[in-house]
1. List the GluC sites (Glu not before Pro) within the stretch 166-215 that DSSP assigns to loop and that have no more than 13 neighbouring Cβ atoms inside 10 Å.
2. So, counting K/R as plus one and D/E as minus one, what does the shell of residues with Cβ under 15 Å around residue 234 add up to?
3. Full extension from residue 6 to residue 154: what is 0.36 nm times the residue separation minus their Cα-Cα distance, to one decimal in nm?
4. So how far apart, in nm, are the two label points at residue 231 and residue 164 if each is 7 Å from Cα heading toward Cβ?
5. For n ≥ 4 DSSP H runs only, could you compute -39500 (n - 2.57) per run for the chain, divide by its residues and tell me the 222 nm figure to the nearest 500?
6. In terms of solvent-accessible area of protein heavy atoms at a 1.4 angstrom probe, what is the ranking of 220, 29, highest value first?
7. Test of understanding: in a Gaussian network model of the chain with alpha carbons linked when under 10 Å, which of 202, 99, 77 would top the mean-square fluctuation ranking?
8. Taking 2.2 N^0.38 Å as the expected size of a compact globular protein, what ratio does the Cα radius of gyration of the stretch 128-243 give against it, to two decimals?
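The values are calculated or read from the model by the stated rules, or taken from the named source; none is laboratory data. This is a predicted model, so every value here is computed, not measured. Don't worry about glycine lacking a Cβ; one is built from the backbone with ideal geometry, like all the others, and counts go over all protein chains shown. For accessibility, only protein heavy atoms count, side chains too; no ligands or nucleic acids. Shrake-Rupley method; radii C 1.70, N 1.55, O 1.52, S 1.80 Å.
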Amino acid sequence: MSENKLLASEASLRELNLTKDKFFSIIAHDLKSPFNGILGFSKLLFEQIRNKDYTGIDEYAEVILKSSQQAINLLTNLMDWSRFQTDRMKFSPEYIDANVLIRSVKELLIISAEQKSISIKLNLPDKLLVYADRFMLETVLRNLISNGIKFTPRKGKVIISAEEKEKEFLFLIEDSGVGIEKINFEKLFRIDENVSSLGTENETGTGLGLILCNDFIKKHKGDIWVESEPEVGSKFYFTIPKA
Ligand code: ADP
């Protein structure tokens, strides 16, 4: 085997090993915390209802709802990522009306935005015909928009814009949230770094969402990057090249 081939195979083994470590660390640490919330509060709910004491049970139900949402988001990302990493996810680009897709992702996330009184604004051209894998593009949008909601305090805003350039489409998901330190910009998208913090209402996470976004955008030969200022907000950009 030539030296180049050996180096490439070493790099791919290293990547595989990092993937495996990340996977196990997520299962071991992060999956547990939403379940703790669900279990603890359903036990309380059950005991109080049995004693016909209904004080505060709507709040317990809300915690259960939010923790279940977090658990399902996490599991969805984890399963998608595992399918992608093990080549079980087909890449099937097609012409997609991204305007319609963005509106449907917004509809999915509107409840969690409303829970924090966050407005989601769209700034999109009418025609936005992108050649992309529908599932991957939707996953990227869902992760970036839900991060915008998660890391923005009450009454803030999230703005989704898109623009057709000469050779690509440029998307921007912008929020008025807590922002990110410059030192972390690159790390966010890397599997060998671990950046994860709680949302403004203690929403948990894994640091997997942006890695997944990076993998999916790279598959389209596009780019993804962030600009942000702590206490002001964040701007996540990504591009999809034209077919
Ligand atoms: P998760 O949100 O599950 O931790 P992500 O990969 O989506 O995983 O994000 C990794 C980390 O990047 C977050 O925990 C947070 O620290 C930071 N981050 C991501 N998006 C934003 C944002 N819009 N505003 C502020 N910080 C963000």
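1. Those satisfying the criteria are 166, 181, 186, 193, 201.
2. It works out to a net charge of -2.
3. Value of the extension gain: 48.1 nm.
4. 4.2
5. -16500 deg cm²/dmol
6. 29, 220
7. 202
8. 1.03
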